Amino acid sequence: MSSVVLIGAQWGDEGKGKLTDFLARQADVVIRYQGGNNAGHTVVVDGRTFKLHLIPSGILYPGTLCVIGNGVVVDPGVLVQELEYLKREGILTDNLRISETAHVIMPYHQRLDEVQEERRGAYKIGTTKRGVGPAYMDKAARTGIRMVDLLDREEFEQKLERNLADKNHLLGVYGSQGFTPREILEPYLKYADQLRPYVTDTSLVINEAIAAGKHVLFEGAQGTLLDVDHGTYPYVTSSHPTAGGACIGAGVGPTKIDKVIGVAKAYTTRVGEGPFPTELLGPDGDHIRERGYEFGTTTGRPRRCGWLDAVILRYAVRVSGLSALALTKLDVLDDLDTVRICTGYRYKGEVLKEFPHGLKALAECTPIYEDLPGWKQDITSARSLEELPPNARRYIERIEELAGVPVAIVAVGPGRYQTVTVTPIF
Ligand code: GDP
Ligand code: IMO
Ligand code: MG
């Protein structure tokens, strides 16, 4: 019996989908607990690629219960589409449960996300424009609409009308078009009927599973540095991708969590705006982008690429209490003569070992690198630590030393089984 939280240790896209799918083989329940369809999680099984935005990456196993927790913001149209997509692919979806207290992304949230990004001009965040930020704003402002409200026609109509008065005014101020209640009501009531069978008290479902001694896996979205409290604010998302988010976003107490695994790429990437100390703007960055196919799963944007940053890993270990790391995409570095790890930052003549919170300071930090020899060998068929070349093992060991936690899993390719288990998670 064990409850494991799996989070992104960097800026998202670390390979959480692949790892969740890999571990879900042993899990009875897999839960998404924050974010929305800003997430794009890729799972590759037997040459088939699945891109998931809202449904947990455990869905490919018919025996695994998949839960969309209360902390997720749900775009019901996107969820219905994702269910249809999976059905077309022959995947059973009757094992899905959706929290009745998850907030609903409304069409005005998505439009506001677009308009507000445009108005930010040079200060734009580079959001995915899926309405995620504005939906969390309404949740905090106590004007949000939850799944349970969507399922109650009268309640929904009332809340929609009240909210539209405000949102249409706001959209008008921004010079954008508002919505009539009818154009939202009709499709949303249809989604309500399609989603109704899945909606339940998911905190109860999860806690009962834990009490029954089941293996439970919490699948984070985004990453540590996109956390609204712990990330590179304001260049963050509006939720808590760090481990604490799992408790709030699933309705589970911290005493029920046994392990926290941080997924980290063997290098660093970032989508959207904001500082990125180890970013490589020249041919080295292009090499990583091409070899790692670093283009956004959700928006298709090219990802910014750079060397591995151990300051970030140590920070992720601290704010999420990581038990271990899962290191992904090590194979992307196969060709390199030298691999570099950032061990600290130089800032105004000083050496920083901890991640600074002032954005201006972070932007002025220059990385201090340690160079290690590359392994110049294809590692994609390695299935044990012993099958990895000595220089690749040396790189992993150095990461463990610098991060202060062991590496429990190494991913050497996108496929489910292109995975080296150093220490079993369940
Ligand atoms: P997530 O958002 O954390 O789930 O990550 P994404 O799915 O957005 O991006 C990770 C990408 O890397 C996907 O295309 C995966 O198929 C791919 N991937 C995951 N692990 C590995 C790996 O070890 N090697 C390689 N080459 N690709 C990987
Ligand atoms: P997964 O789960 C990488 C980034 C956006 C932007 C910022 C805010 O696939 O790792 P938002 O739309 O959330 O308001 O955008 O967060 N972002 C992600 N970057 N992976 C993700 O998800 C992301 N979800 C949001 O690019 O910089
Ligand atoms: Mg992704």
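Quick notes on this one:
- Averaging the sequence gap over all C-alpha pairs within less than 8 Å and six or more residues apart, then dividing by the number of residues, gives the chain a relative contact order of 20 percent.
- Peptides 408-414, 197-203 ordered by average Cβ neighbours within 10 Å, highest first: 408-414, 197-203
- With helices as the sole contributors, the chain gives -10000 deg cm²/dmol at 222 nm; each DSSP H run of n ≥ 4 counts as -39500 (n - 2.57), and the sum is divided by every residue.
- Cα-based shape type of the stretch 242-400, given that a ≥ b ≥ c are square roots of the gyration tensor eigenvalues and the cut on a/c is 1.5: rounded
- Within the chain: Cβ-based charge dipole about Cα centre, in debye rounded to nearest 20 (Lys, Arg +1; Asp, Glu -1): 240 debye
- Set of lysines near LYS329 by C-alpha distance (under 28 Å), chain-local residues within fewer than 8 positions excluded: LYS16, LYS18, LYS51, LYS129, LYS259, LYS265, LYS353, LYS376
- With 0.36 nm allotted per residue and the present C-alpha distance subtracted, the TYR417-GLU387 stretch has 9.4 nm of extension available.
- For THR255 and ASP337, a Förster radius of 45 Å and the Cβ-Cβ distance give a FRET efficiency of 0.40, rounded to the nearest 0.05.
- At R0 = 51 Å, FRET efficiency that the Cβ-Cβ distance of GLU354 and GLU183 yields, to 0.05: 0.50
- Here the calculated FRET efficiency for LYS124 and THR101, from their Cβ-Cβ distance with R0 = 41 Å, stands at 0.85, rounded to the nearest 0.05.
Read-outs throughout are calculated quantities, based only on the coordinates presented, and are distinct from any laboratory measurement. Keep in mind that what you see is a predicted model, and the values were worked out from it rather than measured. Positions of Cβ are generated from backbone atoms using ideal geometry, with glycine treated the same way; all protein chains shown enter the neighbour counts.
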